[in-house]
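Notes to accompany the following structure.
The values are calculated or read from the model by the stated rules, or taken from the named source; none is laboratory data. This is a predicted model, so every value here is computed, not measured. Backbone-built Cβ (ideal geometry, glycine too); neighbour counts: all protein chains shown. Side chains included, ligands, DNA and RNA excluded: accessible areas come from the protein's heavy atoms. Shrake-Rupley method; radii C 1.70, N 1.55, O 1.52, S 1.80 Å.
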Amino acid sequence: MLAKILSAAVLGIDAYVVEVEADISQQLPAFATVGLPDGAVKEAKERVAAAIKNSDYVFPAKKITINLAPADIRKEGSAFDLPIAVGILGATGQILRDDFDSFVMVGELSLDGTLKPVPGILPIAIQIAKKENSAMIVPKENAMEAAIATGLEVYPLGSLRDTVDFLEDGSGVKPYRIDVDEVFSQALNYPMDFSDVKGQETAKRALEVAAAGGHNLLMVGPPGSGKTMLARRLPTILPNLTMEEALDVTKIYSVAGLLPANTALIATRQFCSPHHTISDAGLIGGGRVPKPGQVSLAHHGVLFLDEMPEFRKDILEMLRQPMEDGQVTISRSMISLTYPSQFMLVGAMNPCPCGFFGDPNHDCTCNPGQIQKYMSKVSGPLLDRIDIHIEVPAVKFKDLAAEPTGEKSDEIRERVNHARKIQLMRFNSEEKMFCNAHMESKDLQKYCPLDNKSLELLRTAITKLGLSARAYDRIIKVSRTIADIEAEERIQTRHISEAIQYRSLDRNLWM
(Lines give C-alpha, C1' and ligand atoms only; values in the text may rest on other atoms or scores of the structure.)
Protein backbone atom coordinates (compact mmCIF):
# COMPACT_ATOMS: atom_id res chain seq x y z
CA MET A 1 0.00 0.00 0.00
CA LEU A 2 1.47 3.31 -1.16
CA ALA A 3 0.36 6.94 -0.99
CA LYS A 4 2.04 10.04 -2.44
CA ILE A 5 1.55 13.49 -0.93
CA LEU A 6 2.99 16.77 -2.21
CA SER A 7 4.76 19.05 0.24
CA ALA A 8 7.51 21.67 -0.01
CA ALA A 9 10.70 22.80 1.69
CA VAL A 10 12.88 25.91 1.74
CA LEU A 11 16.40 26.12 0.32
CA GLY A 12 17.96 29.49 1.06
CA ILE A 13 15.07 31.92 0.55
CA ASP A 14 13.50 29.91 -2.26
CA ALA A 15 11.40 26.75 -2.10
CA TYR A 16 11.09 23.47 -3.96
CA VAL A 17 8.43 20.77 -4.09
CA VAL A 18 8.97 17.62 -2.03
CA GLU A 19 7.12 14.39 -2.77
CA VAL A 20 6.31 12.51 0.43
CA GLU A 21 5.86 8.79 -0.27
CA ALA A 22 4.36 6.58 2.43
CA ASP A 23 4.64 2.80 2.06
CA ILE A 24 2.99 0.30 4.44
CA SER A 25 4.24 -3.32 4.31
CA GLN A 26 3.37 -6.49 6.21
CA GLN A 27 6.49 -6.71 8.35
CA LEU A 28 7.43 -6.21 11.96
CA PRO A 29 6.40 -2.75 13.23
CA ALA A 30 9.00 -0.12 12.32
CA PHE A 31 9.12 3.49 11.15
CA ALA A 32 11.89 4.54 8.74
CA THR A 33 12.32 7.98 7.16
CA VAL A 34 14.69 8.27 4.20
CA GLY A 35 15.65 11.18 1.92
CA LEU A 36 18.27 12.96 4.07
CA PRO A 37 16.01 13.97 7.00
CA ASP A 38 17.45 16.02 9.85
CA GLY A 39 16.66 15.49 13.54
CA ALA A 40 13.34 17.36 13.49
CA VAL A 41 12.11 15.33 10.51
CA LYS A 42 13.14 12.03 12.13
CA GLU A 43 11.25 12.97 15.29
CA ALA A 44 8.11 13.38 13.20
CA LYS A 45 7.34 9.67 13.69
CA GLU A 46 6.56 10.25 17.39
CA ARG A 47 4.41 13.33 16.72
CA VAL A 48 2.61 11.69 13.81
CA ALA A 49 1.89 8.46 15.71
CA ALA A 50 0.41 10.32 18.69
CA ALA A 51 -1.56 12.73 16.46
CA ILE A 52 -3.12 9.87 14.47
CA LYS A 53 -4.14 7.97 17.60
CA ASN A 54 -5.47 11.06 19.38
CA SER A 55 -7.49 11.99 16.30
CA ASP A 56 -9.34 8.63 16.55
CA TYR A 57 -7.57 7.00 13.62
CA VAL A 58 -5.58 3.77 13.59
CA PHE A 59 -1.80 3.89 13.53
CA PRO A 60 -0.74 0.71 11.71
CA ALA A 61 1.39 -1.86 13.56
CA LYS A 62 3.36 -2.56 10.39
CA LYS A 63 6.55 -1.39 8.73
CA ILE A 64 6.16 2.23 7.60
CA THR A 65 8.66 3.70 5.16
CA ILE A 66 8.58 7.42 4.41
CA ASN A 67 10.61 8.72 1.47
CA LEU A 68 11.21 12.44 0.92
CA ALA A 69 12.07 13.10 -2.71
CA PRO A 70 14.31 14.52 -4.07
CA ALA A 71 16.43 12.37 -1.80
CA ASP A 72 19.75 14.16 -2.39
CA ILE A 73 18.77 17.42 -0.62
CA ARG A 74 18.76 17.56 3.18
CA LYS A 75 15.29 18.18 4.64
CA GLU A 76 14.82 20.09 7.89
CA GLY A 77 12.03 21.31 10.11
CA SER A 78 8.65 20.05 11.21
CA ALA A 79 6.59 21.07 8.14
CA PHE A 80 6.46 17.46 6.90
CA ASP A 81 4.36 16.24 9.86
CA LEU A 82 1.03 16.81 8.12
CA PRO A 83 1.90 15.21 4.74
CA ILE A 84 3.47 12.21 6.51
CA ALA A 85 0.34 11.70 8.61
CA VAL A 86 -1.96 12.08 5.60
CA GLY A 87 0.27 9.71 3.64
CA ILE A 88 -0.02 7.03 6.32
CA LEU A 89 -3.80 7.42 6.54
CA GLY A 90 -4.07 7.34 2.76
CA ALA A 91 -1.90 4.24 2.43
CA THR A 92 -4.00 2.40 5.02
CA GLY A 93 -7.28 3.37 3.33
CA GLN A 94 -8.52 5.54 6.20
CA ILE A 95 -9.05 8.51 3.85
CA LEU A 96 -11.74 8.08 1.23
CA ARG A 97 -9.69 9.63 -1.56
CA ASP A 98 -7.31 8.14 -4.10
CA ASP A 99 -5.69 11.24 -5.59
CA PHE A 100 -3.78 13.67 -3.37
CA ASP A 101 -1.89 15.56 -6.12
CA SER A 102 -4.33 18.48 -6.04
CA PHE A 103 -2.87 19.93 -2.84
CA VAL A 104 0.49 20.83 -1.38
CA MET A 105 0.48 20.30 2.39
CA VAL A 106 2.71 21.75 5.12
CA GLY A 107 2.23 21.92 8.85
CA GLU A 108 3.52 20.75 12.21
CA LEU A 109 1.38 18.40 14.28
CA SER A 110 0.96 18.58 18.02
CA LEU A 111 0.34 15.34 19.91
CA ASP A 112 -3.43 15.93 19.95
CA GLY A 113 -3.55 16.44 16.17
CA THR A 114 -3.69 20.24 16.18
CA LEU A 115 -1.88 21.99 13.34
CA LYS A 116 0.86 24.43 14.34
CA PRO A 117 2.42 27.14 12.15
CA VAL A 118 5.79 26.63 10.48
CA PRO A 119 8.37 29.13 9.13
CA GLY A 120 9.09 29.71 5.45
CA ILE A 121 5.48 29.65 4.24
CA LEU A 122 5.76 32.68 1.93
CA PRO A 123 8.59 31.37 -0.30
CA ILE A 124 6.79 28.01 -0.44
CA ALA A 125 3.51 29.67 -1.44
CA ILE A 126 5.22 31.77 -4.12
CA GLN A 127 6.84 28.65 -5.58
CA ILE A 128 3.59 26.63 -5.52
CA ALA A 129 1.66 29.52 -7.12
CA LYS A 130 3.74 29.03 -10.28
CA LYS A 131 1.97 25.70 -10.90
CA GLU A 132 -1.35 25.53 -12.74
CA ASN A 133 -4.45 24.99 -10.59
CA SER A 134 -2.30 25.25 -7.49
CA ALA A 135 -3.78 24.82 -4.02
CA MET A 136 -2.23 24.60 -0.59
CA ILE A 137 -3.27 23.31 2.84
CA VAL A 138 -1.66 25.26 5.69
CA PRO A 139 -2.19 25.81 9.43
CA LYS A 140 -4.62 28.63 10.20
CA GLU A 141 -1.86 30.86 11.60
CA ASN A 142 0.02 30.69 8.26
CA ALA A 143 -3.00 31.46 6.05
CA MET A 144 -2.51 35.23 5.83
CA GLU A 145 1.16 34.88 4.91
CA ALA A 146 0.48 32.20 2.27
CA ALA A 147 -2.36 34.23 0.72
CA ILE A 148 0.13 36.93 -0.30
CA ALA A 149 1.08 34.69 -3.23
CA THR A 150 -1.32 35.62 -6.04
CA GLY A 151 -2.94 32.85 -8.04
CA LEU A 152 -2.83 30.35 -5.17
CA GLU A 153 -5.82 28.85 -3.37
CA VAL A 154 -4.98 28.64 0.34
CA TYR A 155 -7.03 26.41 2.63
CA PRO A 156 -6.42 27.10 6.35
CA LEU A 157 -7.12 24.12 8.60
CA GLY A 158 -6.83 23.61 12.33
CA SER A 159 -6.14 19.91 12.85
CA LEU A 160 -5.44 16.53 11.29
CA ARG A 161 -9.13 15.64 11.67
CA ASP A 162 -10.11 18.83 9.77
CA THR A 163 -7.65 17.94 7.02
CA VAL A 164 -9.08 14.45 6.55
CA ASP A 165 -12.63 15.80 6.47
CA PHE A 166 -11.61 18.42 3.92
CA LEU A 167 -9.90 15.87 1.67
CA GLU A 168 -12.98 13.65 1.74
CA ASP A 169 -15.46 16.50 1.28
CA GLY A 170 -13.96 19.97 0.87
CA SER A 171 -17.21 21.82 0.38
CA GLY A 172 -17.16 23.26 3.90
CA VAL A 173 -13.86 25.15 3.62
CA LYS A 174 -13.44 28.17 1.37
CA PRO A 175 -10.07 29.48 0.10
CA TYR A 176 -8.56 32.19 2.29
CA ARG A 177 -8.26 35.50 0.44
CA ILE A 178 -6.82 38.89 1.27
CA ASP A 179 -6.43 42.17 -0.59
CA VAL A 180 -2.67 42.29 -1.14
CA ASP A 181 -2.67 45.99 -2.10
CA GLU A 182 -4.59 46.89 1.06
CA VAL A 183 -2.25 44.83 3.23
CA PHE A 184 0.72 46.52 1.57
CA SER A 185 -0.63 50.03 2.12
CA GLN A 186 -1.55 49.33 5.76
CA ALA A 187 1.94 47.96 6.46
CA LEU A 188 3.56 51.19 5.17
CA ASN A 189 3.71 52.77 8.59
CA TYR A 190 6.72 53.76 10.70
CA PRO A 191 6.34 54.19 14.47
CA MET A 192 8.76 57.13 14.58
CA ASP A 193 9.38 60.31 12.62
CA PHE A 194 12.35 62.51 11.76
CA SER A 195 10.63 65.51 13.33
CA ASP A 196 11.26 63.93 16.75
CA VAL A 197 14.95 64.88 16.51
CA LYS A 198 15.82 68.20 18.16
CA GLY A 199 18.73 70.18 16.82
CA GLN A 200 21.47 68.37 14.85
CA GLU A 201 20.54 70.12 11.59
CA THR A 202 23.90 69.30 10.00
CA ALA A 203 23.58 65.62 10.84
CA LYS A 204 20.00 65.51 9.55
CA ARG A 205 21.12 67.05 6.29
CA ALA A 206 23.88 64.44 5.99
CA LEU A 207 21.35 61.63 6.53
CA GLU A 208 19.15 63.10 3.81
CA VAL A 209 22.10 63.11 1.41
CA ALA A 210 22.97 59.54 2.39
CA ALA A 211 19.38 58.40 1.79
CA ALA A 212 19.17 60.20 -1.56
CA GLY A 213 22.33 58.58 -2.91
CA GLY A 214 22.31 55.25 -1.05
CA HIS A 215 25.59 56.19 0.67
CA ASN A 216 26.95 54.40 3.71
CA LEU A 217 27.37 56.70 6.71
CA LEU A 218 29.52 56.93 9.83
CA MET A 219 28.67 59.27 12.72
CA VAL A 220 31.30 60.34 15.26
CA GLY A 221 30.27 62.07 18.45
CA PRO A 222 30.20 61.97 22.25
CA PRO A 223 27.77 59.77 24.20
CA GLY A 224 24.21 61.07 24.23
CA SER A 225 24.53 63.27 21.16
CA GLY A 226 21.69 61.48 19.37
CA LYS A 227 23.56 59.18 16.95
CA THR A 228 21.31 56.19 17.59
CA MET A 229 18.16 58.32 17.48
CA LEU A 230 19.16 59.69 14.08
CA ALA A 231 20.05 56.24 12.72
CA ARG A 232 16.73 54.72 13.81
CA ARG A 233 14.87 57.34 11.80
CA LEU A 234 16.89 56.90 8.62
CA PRO A 235 14.55 54.18 7.23
CA THR A 236 11.64 56.63 7.47
CA ILE A 237 13.17 58.91 4.82
CA LEU A 238 14.31 56.18 2.44
CA PRO A 239 12.11 55.55 -0.62
CA ASN A 240 9.17 53.26 0.11
CA LEU A 241 9.67 49.61 -0.70
CA THR A 242 8.18 48.33 -3.93
CA MET A 243 5.97 45.23 -3.76
CA GLU A 244 8.80 43.12 -5.18
CA GLU A 245 11.23 44.40 -2.54
CA ALA A 246 8.67 43.85 0.21
CA LEU A 247 8.24 40.23 -0.88
CA ASP A 248 12.02 39.72 -0.81
CA VAL A 249 12.29 41.10 2.73
CA THR A 250 9.27 39.12 3.95
CA LYS A 251 10.70 35.90 2.51
CA ILE A 252 13.92 36.38 4.46
CA TYR A 253 12.08 36.97 7.73
CA SER A 254 9.75 34.06 7.03
CA VAL A 255 12.65 31.66 6.42
CA ALA A 256 14.40 32.89 9.56
CA GLY A 257 11.22 32.36 11.59
CA LEU A 258 11.19 36.05 12.59
CA LEU A 259 8.01 37.18 10.85
CA PRO A 260 5.83 38.80 13.55
CA ALA A 261 2.54 37.10 14.41
CA ASN A 262 -0.48 38.22 12.36
CA THR A 263 1.85 39.86 9.84
CA ALA A 264 1.41 38.93 6.20
CA LEU A 265 3.87 41.35 4.64
CA ILE A 266 6.78 43.55 5.72
CA ALA A 267 6.42 46.78 3.77
CA THR A 268 8.78 49.05 5.73
CA ARG A 269 12.54 49.22 5.45
CA GLN A 270 14.03 47.24 8.30
CA PHE A 271 16.46 48.60 10.88
CA CYS A 272 18.86 45.99 12.27
CA SER A 273 21.15 46.87 15.17
CA PRO A 274 23.24 43.88 16.29
CA HIS A 275 25.13 43.95 19.59
CA HIS A 276 28.91 44.32 19.36
CA THR A 277 29.37 40.80 20.81
CA ILE A 278 27.61 39.20 17.81
CA SER A 279 29.24 36.14 16.23
CA ASP A 280 30.23 35.86 12.59
CA ALA A 281 27.32 33.47 11.95
CA GLY A 282 24.92 35.90 13.61
CA LEU A 283 26.09 38.81 11.45
CA ILE A 284 26.76 37.16 8.09
CA GLY A 285 24.58 34.07 8.48
CA GLY A 286 25.39 30.41 8.92
CA GLY A 287 25.13 27.74 11.54
CA ARG A 288 24.95 23.96 11.16
CA VAL A 289 21.82 24.50 9.11
CA PRO A 290 22.52 27.89 7.43
CA LYS A 291 20.17 30.71 8.38
CA PRO A 292 20.14 34.39 7.30
CA GLY A 293 22.28 36.74 9.37
CA GLN A 294 21.82 40.41 10.25
CA VAL A 295 23.21 41.56 6.89
CA SER A 296 20.37 39.69 5.16
CA LEU A 297 17.72 40.73 7.67
CA ALA A 298 18.73 44.32 6.81
CA HIS A 299 18.16 43.68 3.08
CA HIS A 300 16.76 46.85 1.45
CA GLY A 301 17.06 48.50 4.87
CA VAL A 302 19.63 49.81 7.34
CA LEU A 303 22.32 47.89 9.23
CA PHE A 304 23.36 49.99 12.23
CA LEU A 305 26.59 49.25 14.09
CA ASP A 306 26.57 51.20 17.34
CA GLU A 307 29.96 51.65 19.05
CA MET A 308 31.60 50.38 15.88
CA PRO A 309 35.15 50.01 17.25
CA GLU A 310 33.82 47.64 19.93
CA PHE A 311 33.04 45.03 17.27
CA ARG A 312 35.78 42.46 16.69
CA LYS A 313 37.97 43.45 13.78
CA ASP A 314 37.38 40.17 11.92
CA ILE A 315 33.62 40.73 12.23
CA LEU A 316 33.91 44.19 10.67
CA GLU A 317 36.09 42.91 7.85
CA MET A 318 33.42 40.31 6.99
CA LEU A 319 31.13 43.16 5.98
CA ARG A 320 33.29 44.08 3.02
CA GLN A 321 32.11 41.29 0.71
CA PRO A 322 28.34 41.69 1.36
CA MET A 323 28.68 45.46 0.93
CA GLU A 324 30.50 44.96 -2.36
CA ASP A 325 28.36 42.18 -3.88
CA GLY A 326 24.94 42.80 -2.34
CA GLN A 327 24.72 39.14 -1.35
CA VAL A 328 26.43 36.66 0.92
CA THR A 329 27.19 33.01 0.16
CA ILE A 330 27.39 30.45 2.97
CA SER A 331 29.14 27.21 2.08
CA ARG A 332 28.93 23.99 4.05
CA SER A 333 30.13 20.48 3.26
CA MET A 334 26.78 19.43 1.79
CA ILE A 335 25.21 22.70 0.72
CA SER A 336 25.94 26.23 -0.43
CA LEU A 337 23.30 28.93 0.03
CA THR A 338 23.16 32.54 -1.14
CA TYR A 339 21.21 35.21 0.75
CA PRO A 340 20.64 38.80 -0.49
CA SER A 341 22.26 41.59 1.53
CA GLN A 342 21.73 44.97 -0.10
CA PHE A 343 21.74 47.32 2.85
CA MET A 344 22.86 50.79 3.89
CA LEU A 345 25.57 50.61 6.54
CA VAL A 346 25.32 53.22 9.29
CA GLY A 347 28.01 53.23 11.95
CA ALA A 348 28.32 55.23 15.16
CA MET A 349 31.40 55.70 17.31
CA ASN A 350 32.90 57.97 19.92
CA PRO A 351 35.86 60.20 18.95
CA CYS A 352 38.04 58.48 21.59
CA PRO A 353 37.78 55.74 24.25
CA CYS A 354 36.35 58.09 26.88
CA GLY A 355 34.08 59.73 24.30
CA PHE A 356 34.87 63.40 24.92
CA PHE A 357 37.77 64.25 22.59
CA GLY A 358 36.99 67.71 21.15
CA ASP A 359 33.98 68.24 23.43
CA PRO A 360 34.12 71.82 24.84
CA ASN A 361 32.10 70.84 27.92
CA HIS A 362 34.08 67.78 29.05
CA ASP A 363 37.76 67.06 29.47
CA CYS A 364 39.18 64.16 27.47
CA THR A 365 41.25 61.73 29.56
CA CYS A 366 42.80 59.88 26.61
CA ASN A 367 46.34 60.33 25.33
CA PRO A 368 47.10 60.56 21.57
CA GLY A 369 48.21 56.93 21.41
CA GLN A 370 44.94 55.69 22.87
CA ILE A 371 42.94 57.86 20.46
CA GLN A 372 44.88 56.64 17.44
CA LYS A 373 44.54 53.00 18.51
CA TYR A 374 40.81 53.44 19.05
CA MET A 375 40.22 55.12 15.68
CA SER A 376 42.33 52.53 13.82
CA LYS A 377 39.94 49.75 14.84
CA VAL A 378 37.86 50.75 11.81
CA SER A 379 40.17 49.70 8.97
CA GLY A 380 40.96 51.68 5.84
CA PRO A 381 39.36 49.15 3.45
CA LEU A 382 36.11 49.38 5.41
CA LEU A 383 36.27 53.19 5.48
CA ASP A 384 36.72 53.05 1.71
CA ARG A 385 33.17 51.72 1.50
CA ILE A 386 31.72 54.50 3.67
CA ASP A 387 31.12 57.66 1.63
CA ILE A 388 29.98 60.00 4.42
CA HIS A 389 31.36 60.46 7.92
CA ILE A 390 30.28 63.35 10.05
CA GLU A 391 30.75 64.77 13.53
CA VAL A 392 27.64 64.78 15.72
CA PRO A 393 28.24 67.22 18.61
CA ALA A 394 26.33 67.22 21.88
CA VAL A 395 22.90 68.87 21.65
CA LYS A 396 22.70 72.33 23.21
CA PHE A 397 20.25 72.96 26.04
CA LYS A 398 18.23 75.50 24.09
CA ASP A 399 17.57 72.84 21.42
CA LEU A 400 16.63 70.24 24.02
CA ALA A 401 14.18 72.58 25.74
CA ALA A 402 12.59 73.79 22.50
CA GLU A 403 9.55 72.25 20.85
CA PRO A 404 10.31 69.95 17.89
CA THR A 405 10.22 72.05 14.74
CA GLY A 406 12.06 69.83 12.28
CA GLU A 407 10.71 68.56 8.99
CA LYS A 408 8.60 65.42 8.97
CA SER A 409 9.89 62.24 7.38
CA ASP A 410 7.32 62.47 4.56
CA GLU A 411 8.64 65.87 3.49
CA ILE A 412 12.26 64.70 3.42
CA ARG A 413 11.30 61.46 1.66
CA GLU A 414 9.75 63.49 -1.16
CA ARG A 415 13.10 65.10 -1.93
CA VAL A 416 14.85 61.75 -1.60
CA ASN A 417 12.42 60.14 -4.03
CA HIS A 418 12.93 62.95 -6.54
CA ALA A 419 16.72 62.56 -6.35
CA ARG A 420 16.45 58.77 -6.77
CA LYS A 421 14.27 59.20 -9.86
CA ILE A 422 16.92 61.45 -11.42
CA GLN A 423 19.54 58.78 -10.75
CA LEU A 424 17.41 56.00 -12.25
CA MET A 425 16.97 58.06 -15.40
CA ARG A 426 20.72 58.69 -15.55
CA PHE A 427 21.71 55.06 -15.07
CA ASN A 428 19.87 52.99 -17.65
CA SER A 429 19.12 49.34 -16.91
CA GLU A 430 22.27 48.19 -18.70
CA GLU A 431 24.45 49.90 -16.10
CA LYS A 432 23.04 47.78 -13.23
CA MET A 433 23.28 50.83 -10.98
CA PHE A 434 20.34 52.29 -9.09
CA CYS A 435 21.90 55.08 -7.04
CA ASN A 436 25.06 57.19 -6.94
CA ALA A 437 26.67 55.04 -4.26
CA HIS A 438 26.95 52.18 -6.78
CA MET A 439 29.23 54.19 -9.09
CA GLU A 440 32.82 53.07 -9.46
CA SER A 441 35.86 55.15 -10.36
CA LYS A 442 35.40 54.53 -14.09
CA ASP A 443 31.85 55.90 -13.93
CA LEU A 444 32.81 59.24 -12.39
CA GLN A 445 34.21 60.74 -15.58
CA LYS A 446 31.05 59.80 -17.47
CA TYR A 447 28.45 60.92 -14.94
CA CYS A 448 30.29 63.46 -12.77
CA PRO A 449 32.22 65.92 -14.96
CA LEU A 450 33.75 68.80 -12.98
CA ASP A 451 34.53 72.33 -14.17
CA ASN A 452 37.86 74.04 -13.43
CA LYS A 453 36.58 75.82 -10.29
CA SER A 454 35.34 72.57 -8.79
CA LEU A 455 38.59 70.79 -9.60
CA GLU A 456 40.62 73.59 -8.01
CA LEU A 457 38.48 73.48 -4.87
CA LEU A 458 38.90 69.71 -4.67
CA ARG A 459 42.67 70.03 -5.14
CA THR A 460 42.85 72.59 -2.34
CA ALA A 461 40.85 70.35 -0.02
CA ILE A 462 43.12 67.38 -0.65
CA THR A 463 46.37 69.32 -0.17
CA LYS A 464 45.52 72.01 2.39
CA LEU A 465 43.00 70.22 4.63
CA GLY A 466 44.94 67.00 4.68
CA LEU A 467 42.18 64.85 3.21
CA SER A 468 43.26 61.33 2.30
CA ALA A 469 43.41 60.02 -1.25
CA ARG A 470 40.42 57.77 -0.65
CA ALA A 471 38.30 60.89 -0.15
CA TYR A 472 38.61 61.99 -3.79
CA ASP A 473 36.08 59.61 -5.36
CA ARG A 474 33.81 59.76 -2.33
CA ILE A 475 33.55 63.55 -2.44
CA ILE A 476 32.65 63.49 -6.13
CA LYS A 477 29.94 60.84 -5.63
CA VAL A 478 28.40 62.70 -2.69
CA SER A 479 28.58 65.95 -4.67
CA ARG A 480 26.62 64.28 -7.46
CA THR A 481 23.93 63.31 -4.94
CA ILE A 482 23.72 66.84 -3.52
CA ALA A 483 23.32 68.19 -7.05
CA ASP A 484 20.54 65.66 -7.69
CA ILE A 485 18.68 66.81 -4.56
CA GLU A 486 18.78 70.34 -5.98
CA ALA A 487 17.89 68.99 -9.46
CA GLU A 488 21.11 70.47 -10.90
CA GLU A 489 22.41 68.88 -14.08
CA ARG A 490 26.08 69.65 -13.35
CA ILE A 491 28.05 69.57 -10.11
CA GLN A 492 28.73 73.08 -8.77
CA THR A 493 31.40 74.31 -6.35
CA ARG A 494 28.84 74.58 -3.54
CA HIS A 495 28.08 70.90 -3.93
CA ILE A 496 31.78 70.08 -3.67
CA SER A 497 32.10 72.31 -0.61
CA GLU A 498 29.28 70.54 1.21
CA ALA A 499 30.62 67.09 0.30
CA ILE A 500 34.04 68.01 1.72
CA GLN A 501 32.39 68.61 5.09
CA TYR A 502 31.27 64.98 5.10
CA ARG A 503 34.81 63.55 5.27
CA SER A 504 35.64 64.11 8.95
CA LEU A 505 37.84 61.06 9.43
CA ASP A 506 40.13 61.99 6.56
CA ARG A 507 41.39 65.17 8.22
CA ASN A 508 44.64 65.51 10.14
CA LEU A 509 42.59 66.52 13.21
CA TRP A 510 41.88 62.85 13.91
CA MET A 511 45.37 61.48 13.28
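Listed values, structure above:
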| item | result |
| --- | --- |
| Between segment 408-474 and segment 206-228, the Cα center-to-center distance that results, in Å | 17 |
| Cα-projected label distance for residue 111 with residue 408, points at 7 Å along beta-carbon direction, nm | 5.4 |
| Integer Hz, Karplus 6.51/-1.76/1.60 couplings in order for segment 33-40, x for Gly and Pro | 10, 10, x, 6, x, 8, x, 5 |
| Sum of -39500 (n - 2.57) over DSSP H runs of 4+, divided by residues of the chain (222 nm, nearest 500) | -10000 deg cm²/dmol |
| For segment 181-297: rounded, prolate or oblate by the Cα gyration tensor [a/c cutoff 1.5] | oblate |
| Vicinal HN-Hα couplings computed from phi for segment 63-75 (Karplus, 6.51 cos²θ - 1.76 cosθ + 1.60; Hz; Gly/Pro x) | 7, 10, 10, 10, 10, 10, 10, x, 7, 9, 10, 5, 9 |
| Residue 101 accessible area, 1.4 Å probe, all protein chains in place, Å² to nearest 10 | 90 |
| Residue 384 paired with residue 334, simple spin-label distance in nm, labels 7 Å along Cα-to-beta-carbon | 3.9 |
| Residues whose placed amide H lies under 5 Å from that of residue 266, excluding near-sequence neighbours | 250 |
| Gain in span if fully extended, residue 192 to residue 25, counting 0.36 nm per residue against the direct Cα distance | 54.0 nm |
| Proximal aspartates and glutamates to residue 4, defined as alpha-carbon separation beneath 15 angstrom and excluding residues fewer than eight positions away on the same chain | 19, 21, 23, 81, 98, 99, 101 |
| Sequence-separation-based contact order of the chain, relative, with Cα cut under 8 Å and 6+ spacing, percent | 13 |
| Reciprocal of mean inverse Cα separation for segment 275-356 (Kirkwood radius, Å) | 13.3 |
| Prolate/oblate/rounded label for segment 1-93 (Cα gyration tensor, a/c 1.5) | prolate |
| Pairwise label distance in nanometres, residue 94 with residue 280, each label 7 Å out on the Cα-Cβ vector | 4.9 |
| Per-residue SASA entry for residue 488, accessible area with 1.4 Å probe, Å² rounded to 10 | 60 |
| Share, in percent, of DSSP beta bridges within the chain that are antiparallel, nearest 5 | 50 |
| Centre separation in Å (Cα based) which lies between segment 136-156 and segment 330-407 | 43 |
| Among [x] 22.7, 64; [y] 27.8, 90; [z] 26.4, 94, the entry that matches Rg and Dmax of the Cα atoms in Å as calculated here | [y] |
